[in-house]
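Enquirer: One structure, as structure tokens, below. Some questions next.
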Amino acid sequence: MTAITRLGESLGLAVTAEGIEDELVEARLRSIGTYKGQGWLFGKPVPAEEARKLVTARGLQLTARTIEPVEVRPEPLRRSA
């Protein structure tokens, strides 16, 4: 956990811990600087429609992001000298 958190920090990325099931794990994550997480401790999975209702009831807004496709051309392998 610590290594991944530090790696994310060094790259300027937000780290979200997954699979938090109890307070002990949550406390450990907070102690190493991870403050975003998801898991059974915070709530059980719900169907999409129920999640939408929950978000709306809390005055939050769902947004969709559109990602433009990117053409990727593999570079030929180079031999090292």
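The values are calculated or read from the model by the stated rules, or taken from the named source; none is laboratory data. Since the model is a prediction, treat every value here as computed from it, not as a measurement. Note: ideal-geometry Cβ built from the backbone for every residue, glycine included; neighbour counts use all protein chains shown.
Enquirer: Quick one: how many residues across segment 6-16 are in a helix (DSSP H, G or I) and either modelled with pLDDT under 90 or not hydroxyl-bearing (Ser, Thr, Tyr) (or both)?
Expert: Residues flagged as in a helix (DSSP H, G or I) and either modelled with pLDDT under 90 or not hydroxyl-bearing (Ser, Thr, Tyr) (or both) within segment 6-16 amount to 4.
Enquirer: Oh, and also: Search segment 1-26 for residues that are under 20 Å from Gly39 (Cα atoms) and pair each with any residue that is among the hydroxyl-bearing types (Ser, Thr, Tyr) and not in a helix (DSSP H, G or I) when their beta-carbon atoms are under 7 Å apart and the residues are at least 6 apart or on different chains.
Expert: Note: pairs meeting the criteria are Thr5/Thr34; Val15/Thr34; Ala17/Thr34.
Enquirer: Filter segment 37-52 down to the residues that are surrounded by fewer than 10 Cβ atoms within 10 Å (Cβ to Cβ) and of a type outside the set (A, V, I, L, M), then identify the one that is farthest from the chain's Cα centre (by Cα).
Expert: By that ranking, first place goes to Glu49.
Enquirer: Further, regarding this structure: Condition (residue is without any contact (Cβ under 8 Å) to a residue 40 or more places away in the chain, surrounded by 12 or more Cβ atoms within 10 Å (Cβ to Cβ), outside any loop (DSSP other than H, G, I, E, B) and of a type in the set (S, T, N, Q)) applied to segment 53-73: is it met by at least one residue?
Expert: Checked segment 53-73: no residue is without any contact (Cβ under 8 Å) to a residue 40 or more places away in the chain, surrounded by 12 or more Cβ atoms within 10 Å (Cβ to Cβ), outside any loop (DSSP other than H, G, I, E, B) and of a type in the set (S, T, N, Q).
Enquirer: Follow-up question, since we're still on this one. Those residues that are surrounded by fewer than 13 Cβ atoms within 10 Å (Cβ to Cβ) and farther than 26 Å from Leu54 by Cβ, I need them from segment 6-16; list them, please.
Expert: Leu7, Ser10, Leu11, Gly12, Leu13
Enquirer: Go through segment 5-19 and count every residue that is over 21 Å from Phe42 (Cα atoms) and under 12 Å from the mean Cα position of the chain (by Cα).
Expert: 2
Enquirer: Within segment 17-36, count every residue that is at pLDDT 90 or above and either surrounded by 12 or more Cβ atoms within 10 Å (Cβ to Cβ) or touching a Cys at 6+ places or on another chain (Cβ under 7 Å) (or both).
Expert: The total comes to 8.
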